[in-house]
Amino acid sequence: MKEAGQRAGARHDRRRREFLRSAVRWPLVAALGLLAGRLVVHRGPLNPDQTCTNRGVCRGCSALAKCGLPQATLARKAPY
């Protein structure tokens with residue numbers, strides 16, 4: 001009888017450990033996902049010192065291909 005009780009206790013301990021691991025793991029995964037999403041969405045210009053030389057008009061700008069400003073990124077993706 002003592003062995004059966006020990007096995008049940010060991011199973012309970014394993015379940016408890018797994019529960020605690022999951023309770024920590026999934027919020028960490030969610031937090032990392034949110035952080036990665038925020039970094040992607042709120043990414044600034046590739047060169048923070050970069051300024052627009054064409055008054056914000058990207059179409060026809062000679063620097064469009066290398067420009068890291070957000071509006072230039074959108075202009076490259078937009079169909080003309």
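The values are calculated or read from the model by the stated rules, or taken from the named source; none is laboratory data. This one's a predicted model, so the numbers in the text were calculated from it and none came from an experiment. Neighbour counts run over all protein chains shown; Cβ positions are idealised from the backbone, glycine included.
Residues in the range 58-78 that are part of a loop (DSSP other than H, G, I, E, B) and within 26 Å of L39 (Cα to Cα): C58, A63, L64, A65, K66, C67, G68, L69, A78. Inclusion of G44 among residues that are in a helix (DSSP H, G or I), modelled with pLDDT under 90 and either under 30 Å from L74 (Cα atoms) or outside the structural domain of L74 (by TED's automatic domain parsing) (or both) is not warranted.
Return a yes/no flag: does the range 56-71 have any residue that is at pLDDT 80 or above, aliphatic (A, V, I, L, M) and surrounded by fewer than 10 Cβ atoms within 10 Å (Cβ to Cβ). Yes.
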